[in-house]
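Report on the structure given below.
The values are calculated or read from the model by the stated rules, or taken from the named source; none is laboratory data. Just so it is clear, the structure is predicted and the values come from calculations on it, not from any experiment. A quick note on method: Cβ atoms are made from the backbone with ideal geometry, for glycine too, and the neighbour counts reach across all protein chains shown.
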Amino acid sequence: MNDIVQNSSADEDRELVERSQNGDTRAFDSLVRKYTPKLYGLIYNMTGNREDTADLLQDVFAKAYRSIKRFMGKSSFYTWIYSISVNMTLNFLKKRGRHVKLSMDDVDSGIQNDPDFIKLTTGPSPLKDVNLHELQKRLNEAMMKLSEDHRTVVTLYDIQGLQHSEISKILGVSEGTVRSRLFYAHRQLQNFLDDFVK
């Protein structure tokens, strides 16, 4: 069933790409609408900052629009747009430097709009609210301590739900490298969060 949905989505993408390549801006707008939520999540989880995410997302779609005529369809549009997003975000992070300032406003507003968080916290326990908020804060801090490469694979695999093979295509590395980065990143995250969980 999932394969059928993915195939029809890929077929729809192919048609929209073809129309975009022929100058149909509405077709490109449809691609933007379709991929904005996922790409926003991807970039936000790599940068930890809403303003940077919004700026980068605009840059990603601007670059994709300028490059759409050169898109040959050797990979799916989905893989292509993810690759652009990851590369532009990694370049941005390298330029910004390794010292990331995580705004508590970002953490607060991010988690308070999260449907799962809202469901969990509608119960009567204020202690539960504090613990969840603290865990979210710690998790965000732990993610920001990871190297860009490790943060990227965790974001793509654990948050975006992509398979090892898809991540391998997006990043241009072997599946073995993806697995090894994930293993290392998960171990680091576990170490960062150990004190809180005990």
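Condition check for K119 on (1) part of a helix (DSSP H, G or I); (2) modelled with pLDDT of 50 or more: one failure, at (2). The residue that is farthest from I159 (Cα to Cα), among those in the range 33-67 that are buried (at least 18 other Cβ atoms within 10 Å of the Cβ) and aliphatic (A, V, I, L, M), is A64.
Across the range 166-192, the qualifying residues are those that are outside any loop (DSSP other than H, G, I, E, B) and among the aliphatic types (A, V, I, L, M), and the one among them that is farthest from S75 (Cα to Cα) is L189. The set of residues in the range 150-165 that are surrounded by fewer than 20 Cβ atoms within 10 Å (Cβ to Cβ), part of a helix (DSSP H, G or I) and either aliphatic (A, V, I, L, M) or modelled with pLDDT under 90 (or both) comprises D158, I159.
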